[in-house]
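A short write-up of the structure that comes next.
The values are calculated or read from the model by the stated rules, or taken from the named source; none is laboratory data. The structure displayed is predicted, hence computed values, not measured ones. Because the Cβ atoms are built from the backbone with ideal geometry, glycine has one as well, and the counts that use them run over all protein chains shown.
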Amino acid sequence: MIRCENLVKIYKTSDVEAVALQGLDLDVKKGELMAIVGNSGSGKSTLLNMLGGLDRPSAGSLTVDGKDLLKFTDKDYMEYKRDTVGFVWQNNARNLVPYLTAVQNVELPMLLKGRKGRRERALELLKKVGLEKRKNSRLDQMSGGEQQRVAIAIAMANDPKLLLADEPTGSVDTKTSAMILDIFKELNRSEGVTVVIVTHDLKLADHIDRVVAIRDGRTSSEIIRKKSYREDLDEMGEVITKEEEASHEELAVLDRSGRLQLPKDYMQSLGIKGGGKVRVELDEERGGIILFPSEDS
Ligand SMILES: Nc1ncnc2c1ncn2[C@@H]1O[C@H](COP(=O)(O)OP(=O)(O)OP(=O)(O)O)[C@@H](O)[C@H]1O
């Protein structure tokens, strides 16, 4: 569904250049639900903006649903934003009209597209986000968590193939945050939509099968669950224990040229600095590679 290769984004202001993405590689399969984590300034929002067609990459390649975004005209971008992607922001005020009811808000993007069967689709989506009973409530009479759920229904209104969420649980409590993640999972399952969530919330990331970490504008590591969360729940009779954490495996990511980002804590414990040198040896017996700090590291 998504293929980023060597993606670069440089922001130029009058006198400074900020390299927000420096050759990022990422593949996301159709129908996958995954999360992107990383420190502030690592490039998460920049990546999401590129995927959502809100901004243009500076170089590299980016294809979404078979479309080459670097070749897009302004018209292509407009159609892509209308037909292919749905967006959920932390601050959802940009998606919502406060004086309309929940159902009217969800109908709005369908009205703009001239779609038929708007009321049925809006009610179906409000049911999926658990707000069937609040359909006639005005948005300004709903809590932050409820508004966020309406924002998710709005993002799904025109059946996007890709749903992007930037810190969707950033301003809600833990219980609501778990509920919102369940909604994304349910939409992923029942609508087949591919979901990419940017989050600081590591608790949320614990319940997602694949989490990609970004550091300095590049993918640095991936945490992959060995089994699906649902399988775990079934096996554990819905009791979540410490074993759940052990079912995650953290992997470093090799980019397409074979470059690797070492985890920061490994570098610290070996006393290696960025820009230094390491000795690389092949361990044929164990089928691996060993890194040693070199004397001038
Ligand atoms: N419009 C812009 N103009 C100039 N520099 C920018 C712009 N947007 C982002 N940057 C820079 O690009 C880098 C990546 O920013 P980005 O917002 O993508 O990070 P982030 O990981 O989403 O951070 P946060 O978690 O704080 O939102 C930062 O150094 C930031 O200062």
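Residue check: is N49 surrounded by fewer than 21 Cβ atoms within 10 Å (Cβ to Cβ), within 12 Å of the ligand (Cβ to nearest atom) and over 21 Å from G86 (Cβ atoms)? Spell out the reasoning first.
On the way: surrounded by fewer than 21 Cβ atoms within 10 Å (Cβ to Cβ): yes; within 12 Å of the ligand (Cβ to nearest atom): yes; over 21 Å from G86 (Cβ atoms): no.
Here the answer is no, as N49 does not meet what is asked.
A quick yes/no check of all residues on (1) modelled with pLDDT of 95 or more; (2) assigned to a loop (DSSP other than H, G, I, E, B); (3) buried (at least 19 other Cβ atoms within 10 Å of the Cβ):
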{"residue": "V19", "(1), (2), (3)": "no, no, no"}
{"residue": "G31", "(1), (2), (3)": "yes, yes, no"}
{"residue": "M34", "(1), (2), (3)": "yes, no, yes"}
{"residue": "L62", "(1), (2), (3)": "yes, no, yes"}
{"residue": "D76", "(1), (2), (3)": "yes, no, no"}
{"residue": "K81", "(1), (2), (3)": "no, no, no"}
{"residue": "P98", "(1), (2), (3)": "no, yes, no"}
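Can M78 be described as of a type outside the set (D, E), touching a Gly at 6+ places or on another chain (Cβ under 9 Å), without any contact (Cβ under 8 Å) to a residue 60 or more places away in the chain and closer than 30 Å to N136 by Cβ? Don't jump to the end; show me each part of the working.
Numbers: of a type outside the set (D, E): yes; touching a Gly at 6+ places or on another chain (Cβ under 9 Å): yes; without any contact (Cβ under 8 Å) to a residue 60 or more places away in the chain: yes; closer than 30 Å to N136 by Cβ: no.
Answer is no for this residue.
Tell me which residues, restricted to segment 1-17, are touching a residue at least 40 places away in the same chain (Cβ under 8 Å), surrounded by fewer than 22 Cβ atoms within 10 Å (Cβ to Cβ) and within 10 Å of the ligand (Cβ to nearest atom).
I10
Could we say that E107 is modelled with pLDDT of 95 or more and closer than 30 Å to S45 by Cα here? Before the answer, list the steps.
Details: modelled with pLDDT of 95 or more: yes; closer than 30 Å to S45 by Cα: yes.
Spelling it out, E107 is indeed modelled with pLDDT of 95 or more and closer than 30 Å to S45 by Cα.
Condition first: hydrophobic (A, V, I, L, M, F, W, C) and either in contact with a helix residue (DSSP H, G or I) (Cβ under 6 Å, 6 or more places away or on another chain) or within 24 Å of L100 (Cα to Cα) (or both). Now tell me which residues in segment 148-178 satisfy that. Even if it seems obvious, please write down each step before you answer.
Going through segment 148-178, the residues hydrophobic (A, V, I, L, M, F, W, C) turn out to be 150-157, 162-165, 172, 178.
Correct list: V150, A151, I152, A153, I154, A155, M156, A157, L163, L164, A165, V172.
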